[in-house]
Amino acid sequence: MKKLISILCVAAAIMLAQNSTFAQPNHSIAFRALWNNYSNPQPPQEDWEKVFNDANDRGVEIAYGRRLYKGTWLMVPGKLGTAQYPRTLRKKMIANLDLLLHQNLCSRESFLNPNIHVGIGGTWDFRPTRFDFNIPFGVGLNVRMAKNFYLNAQTKFRVSLDNRPAWHHGLGVVVYFGEPDRDNDGVSDNEDRCPDVAGLKTLMGCPDRDSDGLADDEDRCPDAAGLANFRGCPDRDGDAVADIDDSCPDLKGPVATMGCPDRDSDGTMDADDECPDVKGIAAMKGCPDTDNDGITDAKDNCPRDAGPAATMGCPDRDSDGIMDKDDKCPGDKGPASTMGCPDRDGDGVSDNDDACPDKRGDSAHKGCPDSDGDGIFDDIDRCPDKPGVSRLRGCPEIKKEDKARLERAVKLVQFETGKAVLLKKSYAVLDEVVKVMNTYPEYSLNIGGHTDNVGGTDMNHDLSHRRANTCYDYLVSKGVAANRMAAEGFGETKPVADNNSAAGRAQNRRVEFELYVK
C-alpha cells in the first residue's frame, strides 16, 4: 500500500509539471479547516447526528485542482490532522493524500455551486508508521464571494480497506487562477476576441497589421491603413468611396457610379454615357427617354407619347397596327374593317355594337343571327336554340299535357288543416311539377298561395305565404334552381269560387303554379 501513496504523489507531480503553474488554464487552490470522525463513523441509523457530534479530531487541508473539461476537475488534496481510532482510543497524527474526480453541478460564476467528488487515496499514521488504502467520496458547496474567490464547505466519507473508515468535514476557501492565454499576448482567452493570434490589449487581443486602429478581423483592408468609417480601407481621391469599391480611385465621383465621374449626375459614369452632358437613364446608356418607350428622344417622332419602335415611338396602345389617332378603340386590338375595334365573330360589327359578339350575324340586327330559324333574332330571342313564338319572346309553347299537369297540381296539392305541412299524397303531384320545370329550362315559375275567407285576414295571408314557401322548398330539394322560382301568398284576396259554400271554399284553398318567360 505504501507504493500507492507514492504513485499518487508522482501522478500529481506530473500533472503539476506539465507547464508552469500560472500558464496552465483554470487551476485552483483550496484551504480548509477539518473536523474528523474516526471514533464513531458508522453509528446506528437512529443516531446519525453522531457523525458530526463525534467529529472531535482536527486537521488542515490544502488541495490543488486542475480543470479537465468544463465543470470537471482533477483534485489532489493533502491533509494533516489527528485521529482517534475506536479500537485503541489513542490520538494519532495522520496524513492523507487523495486523487479525486470532482464535478461542479453549476457554472463557476453561479453564486451557489454544489459539487460531488469521488476517487482513491491513502492514510498514513506517523506513530507507528502505518498505511491504509481509502476510497473517498462526498459532496460540497461553493459560495461565490468575488471573482475567482469562494467560500467552501464539504463532507467526505472515506471507505477503508483496513477497517478504519472516517468522516472528514471541511470549511474553507477556494481560489481559481491561471486564466488561459493561448497566444501569450497578455489578454486572457476569456476576454480575447482572437485567442489564437497574438494581438493588442486595446483591440481585445486582436492584431492590427496596418496599425490603423481597426482589428484585422473587422478590417476590410488589413494590409493598407485606412479610415474607420470605411472599415479600415483608404480613399485616395476623397470622394467618400473606399478605394476597394472605387472603380476610379484617383478621380472623384459619386457612390452611384462607384466613384467615377458623372457630369450630368444621371447615375451613368461619363465613360459609359452616350449623352454625358444631358441627364438620362442607364437603360438608354445615359440618354433621355422622356416617354419611357425604349426609344431615345433624339430618335423618337413622339418623344412625349410612348410608342413602339415600328411606329418610330408614336403610340399604338393596343398594338393592332392602327395608330391611336386613327383608332376608334385605341385601348382594344381590332381590325381595320371596324376601325381598330374588336370583332370577335368577324361579322363586320364591332363588339361594342354587337348584341351577339360571339355569333356571326346580320349587321341590320345588331350583329345577331337567327340560330333556330324562328324569325326572331338571337338578340331578343329568349330561347335562341329552340324555335318559338314572338309572344313568348322566341320560346316554344308549353304542351297541353304539361299545362294539364300544372292545373292538376293546383287542385291536388293539399296540406294539413290550418297548417303549412304537405300531405304525403301531395309529393307525387309536386314531382310532376319538377318534371315540367326540367322540360322547360328557359321558363321560370311563380308559386302563389291562396286561402278561403274562414279566419282572420292576417292569419290567412300568413298561412298562404307559408304554404307557397313549402312548395318552393320542396321543388328546390328536388333540384329545381332557386333563382327560377318565386313564392308569394295572397290569402283570401283572389277567390276563384264562392266562399259561401263548402265547395267554393275548397276551390279557393289552393296553390297555383304559373310558368313564364322572363
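Here, each number is a calculation from the coordinates, and none is a lab measurement. Quick caveat: nothing in here was measured; it's all calculated off a predicted structure. Please note: Cβ atoms are built from the backbone with ideal geometry, for glycine as well, and neighbour counts cover all protein chains shown.
Which FRET efficiency, nearest 0.05, do Arg382 and Ala310 yield, Cβ-Cβ r, R0 45 Å?
0.45
Which pairs break 23 Å Cα to Cα here: Lys359/Lys386; Lys91/Lys156; Lys279/Lys325?
Lys279/Lys325
Please list the non-local residues whose amide H lies under 5 Å from the amide H of Phe415, H modeled 1.01 Å from N, same-chain partners needing a gap of 5 or more.
Placed amide hydrogens put Leu423 under 5 Å from Phe415.
Can you give me the distance in nm between label points at Asp162 and Lys411, each placed 7 Å from the Cα along the Cα-to-Cβ direction?
Placing both labels 7 Å beyond Cα along the Cβ direction yields 13.0 nm.
Using the crude model of +1 on Lys and Arg Cβ and -1 on Asp and Glu Cβ, and no other charge, please compute the dipole size for the chain relative to its Cα centre, in debye to 20.
6280 debye
If you average the sequence gap of Cα pairs under 8 Å that are 6 or more apart and divide by the length of segment 400-516, what percent do you get for the contact order?
It comes to 34 percent, rounded to a whole number.
What residues from segment 447-481 fall in the zone where the backbone N is under 18 Å from a label point 7 Å along the Cα-to-C-beta line of Thr493?
Counting backbone N atoms under 18 Å from the label point, the list is 447-469.
How about segment 399-459: which GluC sites (Glu not before Pro) there lie in a loop by DSSP and see at most 12 other Cβ atoms within 10 Å?
Glu416
Restricting to Cα pairs below 8 Å that are 6+ residues apart, what does the relative contact order work out to for the chain? Please round to a whole percent.
6 percent
Compute the length gained on full extension between Lys299 and Lys478: take 0.36 nm times their separation in residues and subtract their Cα-Cα distance, giving the result in nm to one decimal.
Extending this stretch completely gives an extra 57.4 nm.
Counting only chymotrypsin sites (Phe, Trp or Tyr not before Pro) that are in a DSSP loop and have at most 13 other C-beta atoms within 10 Å, tell me the longest site-free stretch of the chain.
Result for the longest clean stretch: 127-518.
In segment 45-126, what trypsin sites (Lys or Arg not before Pro) fall in a loop by DSSP, with at most 12 other Cβ atoms inside 10 Å?
Within segment 45-126, the qualifying trypsin sites (Lys or Arg not before Pro) (loop, at most 12 other Cβ atoms within 10 Å) are Lys70, Arg87, Arg90.
Nearest 5 is fine: what % of DSSP beta bridges in the chain come out antiparallel, could you say?
Roughly 95 percent of the DSSP beta bridges within the chain come out antiparallel.
Using a Förster radius of 25 Å, what is the FRET efficiency between Asp196 and Ile244 based on their Cβ-Cβ separation? Nearest 0.05, please.
0.45
Taking 0.36 nm per residue of separation and subtracting the Cα-Cα distance, what length does fully extending Asn184 through Arg393 add?
64.8 nm
Between Ala506 and Ser211, how many nm apart are label points set 7 Å from Cα along the C-beta direction?
Each label point is offset 7 Å from its Cα along the Cβ direction, giving 12.6 nm.
Per DSSP helix of 4 or more residues, -39500 (n - 2.57); summed, then divided by the residues of the chain. What does that give at 222 nm, rounded to the nearest 500?
-4500 deg cm²/dmol
Take the alpha-carbon centre of segment 290-367, take the same for segment 35-54, and report the distance between them in whole Å.
So the two Cα centres are separated by 110 Å.
Only bridges whose two residues both fall in segment 400-516 count here: according to DSSP, what percent of them are antiparallel, nearest 5?
Of all bridge pairs located within segment 400-516, approximately 60 percent are antiparallel.
Using 7 Å Cα-to-Cβ label points, what is the Thr457/Ser107 separation (nm, one decimal)?
Using points 7 Å along Cα→Cβ, the separation is 9.0 nm.
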